[in-house]
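To keep things clear, I will list the structure first and then write my remarks on it.
Just so it is clear, none of the values below were taken in a lab; they were calculated from the coordinates. Just so we're clear, the structure is a prediction, and the values are computed from it rather than from any experiment. In this analysis, Cβ positions are derived from the backbone assuming ideal geometry, glycine residues included, and neighbour counts consider all displayed protein chains.
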Amino acid sequence: MEQQKLGTFYGVGVGPGDPDLLTVKAIRTLEACPVLAAPQTASGEMTALNIAKQAANLEGKTLLPLHFTMSRDKAKQHQAHVEAAQAVRAYLEQGQDVAMAVLGDVSVYSTYCYLMDLLKDEFPCVMVPGVPAFCAVAARLGRSLTTMNSPLHILPGGGEGPGETLDLPGAKVLMKSGRNFPQVLDELEKRGLLEQAAMVENCGLPGERICPSLEEKPQSSGYFTTIIIP
């Protein structure tokens, strides 16, 4: 008896917000897959798919909302990943390819990778890279992130905060800093880095805000807040 073909699970980076930044490969992958998955917020928004719809023809696709918790409880996070992977698995077992749209690049702080780790032993998994948010932010600010011999550090802005990692040599990028923004500003101020640091909130999305300097301590509560410290 012929074994049924399994579906492939694609992770597709759709860039930070501007639909013009979707790659040709991302568009082709999204248009080829019959099932499109994406994180859905509590308010029902599927931001990654909304961006993709502006660049690709996604009519007639099966949409699969995935729900992830904002809790910092590791057990709750893992349970959400397991439940999302189970939802994707149902389609893969039927031989249907599933493309999961994620903001930015699929390898940088991406929920796809958690699901891929749960599914890769059973199904083919393919990552389609996208423009990382911090690269788009640097371009929006008109800043270089590196010189010939200087390192670049990509750091989480949430959780316990950047702490001593701000003392590393070279440029630093703080991703998703909105929830921790006051603490991050305090840490930058202690190190005399506020004037040098810059921020873009919601890069390429509605409500985009650019701050070339943080010296005036601007307010921010946006989840998609990226800070660059040269």
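What list of ³J(HN,Hα) values in whole Hz, one per residue of region 117-132 in order, does the Karplus curve 6.51 cos²θ - 1.76 cosθ + 1.60 (θ = phi - 60°) give from phi, with Gly and Pro shown as x?
Working through the residues one at a time gives 4, 7, 10, 5, 7, 10, 9, x, 10, 10, 9, 10, x, x, 5, x Hz.
How long are the semi-axes of the ellipsoid equivalent to the chain, from square roots of 5 times the Cα gyration tensor eigenvalues, in whole Å, largest first? The partial results should precede the final answer.
On the way: eigenvalues 236, 67, 50 Å².
So the equivalent ellipsoid measures 34, 18, 16 Å along its semi-axes.
Counting helices only, and only those DSSP H runs with n ≥ 4, report the 222 nm mean residue ellipticity of the chain as the sum of -39,500 (n - 2.57) divided by its residues, in deg cm²/dmol to the nearest 500. Let's see the in-between values first.
Values: 6 runs with 63 residues, N = 230.
Helix-only estimate at 222 nm: -8000 deg cm²/dmol.
Amide H neighbours of Val126 under 5 Å, counting only residues 5+ apart in sequence or on other chains, H built in-plane at 1.01 Å?
Those qualifying (amide H under 5 Å, at least 5 residues apart or on another chain) are Phe9, Tyr10, Gly11.
Once phi is turned into ³J(HN,Hα) by the Karplus curve 6.51 cos²θ - 1.76 cosθ + 1.60 with θ = phi - 60°, what whole-Hz value does each residue of region 7-15 show in order, with x for glycine and proline?
x, 9, 9, 9, x, 10, x, 9, x
Enumerate the amide H contacts of Phe224 below 5 Å, restricted to partners 5 or more residues apart or on another chain; note that Pro and chain-start residues carry no placed amide H.
The answer is Asn202.
Going by amide H atoms built from the backbone, whose H comes under 5 Å of the H on Leu64, apart from near neighbours?
Leu36, Ala37, Ala38
Please state the charge dipole magnitude for the chain, taken about the Cα centre, from unit charges on C-beta atoms (+1 on K and R, -1 on D and E), reported in debye and rounded to the nearest 20. Kindly include the intermediate steps, with their values, before the conclusion.
Values: 19 positive and 25 negative charges, 20 e Å.
Dipole of the chain, to the nearest 20 debye: 100 debye.
Can you give me the Cα centroid spacing of region 176-212 and region 45-81 in angstrom?
What the calculation gives is 25 Å, centre to centre.
Multiply the residue separation of Thr147 and Thr69 by 0.36 nm, subtract the distance between their alpha-carbon atoms, and state the gained length in nm to one decimal.
Full extension of this stretch gives 24.3 nm more.
Which trypsin sites (Lys or Arg not before Pro) in region 130-230 pass both tests, a DSSP loop state and at most 13 other beta-carbon atoms within 10 Å? All intermediate terms of the calculation are to be shown ahead of the outcome.
On the way: sites: Arg140, Arg143, Lys172, Lys176, Arg179, Lys190, Arg191, Arg209; in loops: Arg143, Lys176, Arg191.
Loop-located and lightly packed - Arg143, Arg191.
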